[in-house]
Amino acid sequence: MSRNSDRLSGVDRPENEAQLERIRGSHPSRVGVGRTGSRPRTETLLEFRLDHAKARDAVTTHVSPKLVEELGLVGVQSRATSKTEYLADPGQGRDISDETADSVRQQCTMQPQVQIVVSDGLSSTAVEANVPDLLPVLLDGLADRGLDVGTPIFVEYGRVDVMDAIGEELDANCCVNLIGERPGLATNESLSAYFVYGPERGGATADKSVISNIHRDGIPPVEAGAEIAAVLEELCETKRNGFDTESR
Amino acid sequence: MSSGETAYTAVFDGIQHEFDSLQSVLAKANERKSGDKLAGIAATSSAERIAAKDVISRLTLETLYENPVVPVADDEVTRTIREGICEETYEEIADWTVADLREFLLDESTGDEEIRTLRGGLTSEMIAAVTKIMSNMDLVVAASKMTVVARCNNTIGTEGTVSFRLQPNDPSDDTENILHSVREGLSYGVGDAVIGINPVSDDVAQVKELLRATAEFIDRWDVPTQNCVLAHITTQMDAVRDGAPADLLFQSIAGTERGNREFGIDVGLLDDAAELGQNRCQAEGPNVMYFETGQGAELSNDAHEGVDQLTLEARCYGLAREYDPFLVNTVVGFIGPEYLYDGEQVIRAGLEDVFMGKLHGLPMGIDACYTNHTNADQNDIENLAVLLTAAGSNFFITVPMGDDVMLNYQSNSFHDGPALRTLFDLQAAPEFEVWLEEMGITDDGQLTDRAGDQTIFTDP
């Protein structure tokens with residue numbers, strides 16, 4: 001039995017088809033999607049579920065150890081020991097254990113001007129999608145500026161403030177944390193760069209400056225790498241948090 | 001089960017469970033919530049959780065009245081709740097146990113009238129306590145008995161109706177985009193609770209513009225509803241003083257004085273807002289206030305005073321009822337997995353919140369929602385919406401296809417409005433129902449071919 005094609009709902013025969021097409025083409029929300037009975041069309045439903053599935057995967061998957069190695073990052077874990085603990089208790093993601101601190105001090109350059117930290121945050125997908133393009137540009141930019149850069153570190157289960165603990169242990173002048181943002185349905189690849197001058201444990205997240213929305217449809221990673229280098233130079237010169245957005 | 005020597009002891013199978021304070025036993029009696037664990041006050045085993053429930057069930061209402069979780073001297077929310085209590089009603093039930101209250105609420109001879117008679121004697125702590133010893137279906141059954149009607153430009157909460165907030169948020173506050181979402185929602189029959197926008201920018205000029213645009217649209221199409229722009233209350237007050245056409249004034253509230261301070265408000269400011277609303281809002285009223293709440297807000301602002309998130313949520317409702325609001329809703333899954341970890345916890349909290357709100361006598365609704373780092377999905381909040389329609393929730397939040405592209409979270413879809421009305425044989429708010437029929441969006445309550453087509457609202 002075939003479905004009776006006479007059963008059409010509103011948007012199949014809109015009052016103003018041109019208008020509806022125009023709205024659909026430019027509107028950021030899922031409007032003009034139609035319905036079957038009181039429920040969404042199958043295509044609309046599955047598109048929505050796919051976008052959410054990608055967001056969930058960004059939260060729950062891990063950055064591949066191979067990528068960490070390829071990028072030359074020293075891999076460590078925050079105090080959180082699993083995704084579950086990390087999500088349920090954010091405080092665990094803001095610090096590292098004493099043993100991890102010892103190993104960080106042994107493996108990394110002490111007292112750098114700039115310490116780079118990469119964290120999975122809430123999207124490992126964002127790290128995998130952006131950091132391979134961003135990091136080389138950032139490192140080149142910092143080298144061109146003659147800044148002394150420490151050994152870049154990857155933190156699994158890391159929150160923004162984990163850079164305070166790492167920066168404090170290594171006695172860094174300033175830190176940047178390249179961290180996966182909480183994914184939305186529009187993109188699961190968005191990365192942020194948080195900055196702190198004079199890192200020490202207990203510093204407030206709100207006092208840190210940030211460049212957010214780094215992804216291919218936002219600030220492209222290569223462009224972001226150059227911007228981040230400029231901001232870090234400014235932090236080293238002004239010796240304080242915050243940067244002049246005009247210079248971006 | 002047998003009781004031990006002190007008020008806060010339970011003995012099961014020869015094992016004694018002791019609780020060192022009322023605050024502690026209230027916290028440990030909660031169903032599992034990540035937020036209580038994060039605060040370090042949750043039960044450490046399933047048996048301890050039930051032991052705490054057992055202790056709670058034997059407490060008298062007097063004990064809860066005499067021992068507010070935050071002392072009277074320290075907290076204006078406690079004082080506001082206390083001052084609102086009808087002493088005479090309270091005296092009549094002071095010697096009831098919490099178990100007595102549960103069984104009263106569920107008794108077949110108890111209906112809306114009987115609960116209404118009792119309501120003035122109940123503090124938020126009593127309501128929180130009884131919630132802790134109720135199962136999910138208990139909460140649905142008891143909540144479904146209560147009818148709370150509120151009136152602004154239209155009437156919501158009357159028996160046989162369910163209403164929906166149309167939430168047309170836009171990531172750039174673009175007026176045209178917002179109006180297209182409004183048209184879309186109305187074409188599905190939602191928007192009778194409020195057309196309520198969360199603005200990106202908390203700015204008086206922006207709030208005025210969005211109020212003007214929505215008021216103009218409502219006026220053009222004679223929509224029997226109300227508008228609201230959910231900026232900070234002080235921003236809305238400035239806009240209204242400046243002549244902006246607002247029907248409702250909105251604010252997020254907390255269950256402690258310190259929590260409210262973190263939101264930039266206190267009781268005095270809410271009093272001023274309510275007075276301004278009565279004098280200057282364009283709505284017919286008399287109910288012109290709109291509040292949002294949500295378990296965990298106090299803990300996230302480090303203002304929980306050692307109290308569990310359910311009890312603090314109840315105190316939000318105790319505060320809200322002083323202002324005879326038109327709408328109150330919990331934004332149940334917005335806060336994240338460190339407070340409500342997954343779909344199961346979100347659903348439980350949603351049932352608790354709507355029950356507690358209604359028992360306080362509030363026109364209670366819900367934003368059944370989740371963020372992408374919570375272990376939940378659209379199925380969970382569709383389940384919750386079905387349960388809470390059965391429970392007689394006054395309204396739900398709806399957004400286009402469940403996806404709020406400004407706040408970056410998911411809630412119920414416009415589609416869920418007609419689905420829930422059909423499932424439970426319910427109508428929209430009466431004035432709005434008539435309008436839907438006149439607009440040809442519904443015919444005899446059923447969606448027509450025009451429904452879902454937002455271009456029916458195009459001017460020729």
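Given in Å, the Rg to one decimal and the Dmax to the nearest whole number for the Cα atoms of the range B:324-400 are 11.7, 35.
Over the protein assembly as shown, DSSP H runs of length four or greater, each weighted -39,500 (n - 2.57), average out per residue to a 222 nm ellipticity of -12500 deg cm²/dmol.
Per-atom-type breakdown for the range A:64-247 gives carbon and sulfur 43% of the accessible area (1.4 Å probe, protein chains only). Here the Debye sum runs over all C-alpha atoms of the range B:84-180 as equal scatterers in vacuum, and log10 of I(q)/I(0) at q = 0.23, 0.24 Å⁻¹ comes out as -1.26, -1.32. Note on the range B:12-99: with neighbouring protein chains present and a 1.4 Å probe, carbon and sulfur make up 46 percent of its accessible heavy-atom surface.
Evaluated over the Cα positions of the range A:183-248, the convex hull gives a direction-averaged projected area, one quarter of its surface, of 5.1 nm². Selection among B:286, B:188, B:252 by position relative to the dipole of the protein assembly as shown gives B:188 as farthest towards the positive end (Cβ unit charges, Cα centre). Close amide H pairs (under 5 Å, H built 1.01 Å from N) link residue B:188 with B:452, residues at least 5 positions away or on another chain. Projecting the Cα positions of B:168, B:335, B:264 onto the charge dipole of the protein assembly as shown (unit charges on Cβ atoms of Lys, Arg, Asp and Glu, taken about the Cα centre) puts B:168 furthest along the positive direction. Residues whose amide H comes within less than 5 Å of that of residue B:146, counting only those at least five positions distant or on another chain, are absent (H built at 1.01 Å from N in the peptide plane). The Rg/Rh ratio for the range B:186-338, using Cα coordinates for both the radius of gyration and the Kirkwood hydrodynamic radius, is 0.98. Taking all protein chains together and a 1.4 Å probe, the residues A:194, B:65 rank A:194, B:65 from largest to smallest accessible area. Helix A:42-60 and the longest principal axis of the Cα set of chain A meet at an angle near 10°.
Can you tell me the 0 to 90 degree angle between the C-alpha axis of helix A:124-144 and the longest principal axis of chain A, rounded to 10? The angle comes out near 40 degrees. Mean-square fluctuations from a GNM of chain A, with a 10 angstrom spring cutoff on Cα atoms, peak among A:66, A:54, A:83 at A:66.
Each DSSP beta bridge with both residues in chain A is either parallel or antiparallel, and the antiparallel ones are about 45%. The phi-based Karplus calculation (6.51 cos²θ - 1.76 cosθ + 1.60; θ = phi - 60°) puts the 3J(HN,Hα) values of the range B:411-421 at 9, 5, 8, 3, 4, 5, x, x, 4, 5, 4 Hz, whole numbers, x for Gly and Pro.
Using the Karplus relation 6.51 cos²θ - 1.76 cosθ + 1.60 with θ = phi - 60°, the per-residue 3J(HN,Hα) values for the range B:302-318 come to 6, 10, 8, 6, x, 9, 6, 6, 5, 5, 5, 4, 4, 5, 4, 5, x Hz, with x marking Gly and Pro. Using θ = phi - 60° in the Karplus curve 6.51 cos²θ - 1.76 cosθ + 1.60, the 3J(HN,Hα) couplings for the range B:73-78 round to 5, 9, 8, 6, 5, 4 Hz; x is entered for Gly and Pro. All alpha carbon pair distances within the range A:136-216 were sorted into 10 Å bins beginning at 0; the resulting P(r) in whole percents reads 17, 47, 31, 5, 0. Pairwise Cα distances in the protein assembly as shown exceed 34 Å in 51 percent of cases. Go through A:136, A:104, A:188 and say which Cα lies farthest out towards the positive end of the charge dipole of chain A; charges sit on Cβ, +1 for Lys and Arg, -1 for Asp and Glu. The one lying farthest along the dipole's positive direction is A:188. Remark: accessible area buried at the A-B interface is about 3600 Å², both chains counted, probe radius 1.4 Å. The rule of thumb for compact globular proteins, 2.2 N^0.38 Å, goes into the C-alpha radius of gyration of the range B:1-58 1.03 times.
Normalised radius of gyration for chain B, please: alpha carbon Rg relative to 2.2 N^0.38 Å, two decimal places. In units of the 2.2 N^0.38 Å rule of thumb, it is 0.96. Length, then width, then depth: along the principal axes, the Cα atoms of the range A:64-247 run 40, 39, 32 Å. Scanning residues 5 or more positions from residue B:169 or on other chains, those with amide H under 5 Å from its amide H are B:198, with H placed 1.01 Å from N in the peptide plane.
For chain A, the longest principal axis of the C-alpha atoms and the axis of helix A:17-26 are separated by about 10°.
The values are calculated or read from the model by the stated rules, or taken from the named source; none is laboratory data. Quick caveat, the model's predicted, so the values are computed rather than measured. Glycine gets a Cβ as well: all are built from the backbone with ideal geometry, and neighbour counts include every protein chain shown. The accessibility values were calculated without ligands, DNA or RNA, using every heavy atom of the protein model including side chains. Shrake-Rupley method; radii C 1.70, N 1.55, O 1.52, S 1.80 Å.
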